[in-house]
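**Q** Okay, here's the structure, questions in a sec.
The values are calculated or read from the model by the stated rules, or taken from the named source; none is laboratory data. Model, not experiment: these values are computed from the prediction. FYI the Cβ positions are ideal-geometry reconstructions off the backbone, even for glycines, and counts take in every protein chain you see. The protein model used for the area step is the full one, side chains on, heavy atoms only, and it has no ligands, DNA or RNA in it. Shrake-Rupley method; radii C 1.70, N 1.55, O 1.52, S 1.80 Å.
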Amino acid sequence: MMNPTERRSPCVVVTGAAGIGKTTVARLLARRLGMPFADGDDFHSPADIAKMSAGTPLDDADRRPWLESVGRWLHERDLAGTGAVVACSALRRRYRDILRAACPGALFLHLTADRWLLVNRLGRRTGHFMPGSLLDSQLATLEPLAPDERGAELDATPGPDTLADLAAALLARRL
């Protein structure tokens, strides 16, 4: 167990809409920080994946157990003192609140971009269960970080390596 006065490794949630680059940036950031990484998509139930694959957006009832699973994963890493980086859309504040309930010190890095860039990226993506047709529902659901939420927004226009470097520098200054 860590001494409470020691600096803990952060638990970081890389958020944003489909196609923004959450998984790629989060994986690179975790490598740079030497922390465990998880892709929030891996926590979805088979029913959620089937629903999204069919082009139907998840509703809040679908999302709750998924977010609670992601939150448990963060909580376990926080307790272990390892910190962690997870890619998770967490589009609404209430979704981020579920993650914060499990891991109160979580930091959110919200990746942003215009719709055109997201459509372009989704058009090139292969092997993912979520179709590009769900982008507009995600953008309609999206709530930017509020001023009282721990975290920052990063423009996702630069490449993933640049974003991971920016995120690591930002985290170093905030810790």
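**Q** Every residue in the range 1-31 that is charged (D, E, K, R) and modelled with pLDDT of 95 or more, please.
**A** Scanning the range 1-31 gives ARG27, ARG31.
**Q** So, one more: Of all the residues that make up the range 54-99, how many are closer than 22 Å to ARG31 by Cα and open to solvent by 10 Å² or more (accessible area, probe 1.4 Å)?
**A** Counting residues in the range 54-99 that are closer than 22 Å to ARG31 by Cα and open to solvent by 10 Å² or more (accessible area, probe 1.4 Å) gives 11.
**Q** Just one of (1) surrounded by fewer than 21 Cβ atoms within 10 Å (Cβ to Cβ); (2) in contact with a strand residue (DSSP E or B) (Cβ under 8 Å, 6 or more places away or on another chain) trips up CYS103, so point out which.
**A** With (1) surrounded by fewer than 21 Cβ atoms within 10 Å (Cβ to Cβ); (2) in contact with a strand residue (DSSP E or B) (Cβ under 8 Å, 6 or more places away or on another chain) applied to CYS103, the lone miss is (1).
**Q** Could I ask something else about it? Can you confirm whether the range 130-137 contains a residue that is at pLDDT below 85 and assigned to a loop (DSSP other than H, G, I, E, B)? Don't jump to the end; show me each part of the working.
**A** Initial filter on the range 130-137 (at pLDDT below 85): 130-137.
Subsequent filtering for residues that are assigned to a loop (DSSP other than H, G, I, E, B) retains 130-131.
Within the range 130-137 (the criterion being at pLDDT below 85 and assigned to a loop (DSSP other than H, G, I, E, B)), the answer is yes, since at least one residue qualifies.
**Q** List every residue pair whose Cβ atoms sit under 7 Å apart, with the two residues 6 or more apart in sequence or on different chains, where the first one lies in the range 143-155 and is closer than 15 Å to SER89 by Cβ and open to solvent by 80 Å² or more (accessible area, probe 1.4 Å) and the second, anywhere, is outside any strand (DSSP E or B) and at pLDDT 95 or above.
**A** Final answer for the pair search is GLU153/LEU145.
**Q** Of everything in the range 6-53, what is acidic (Asp, Glu) and open to solvent by less than 30 Å² (accessible area, probe 1.4 Å)? Give them in sequence order.
**A** ASP39, ASP48
**Q** Something else about it: Within the group SER69, SER45, which residue is within 28 Å of ALA140 (Cα to Cα) and modelled with pLDDT of 95 or more?
**A** That would be SER69, the only listed residue that is within 28 Å of ALA140 (Cα to Cα) and modelled with pLDDT of 95 or more.
**Q** Can I ask one more? Can you name the residue in the range 156-175 that is free of Cβ contacts under 8 Å to residues at least 40 places away in the same chain and open to solvent by 60 Å² or more (accessible area, probe 1.4 Å) and, of all such residues, is nearest to LEU118 (Cα to Cα)?
**A** Result: THR162.
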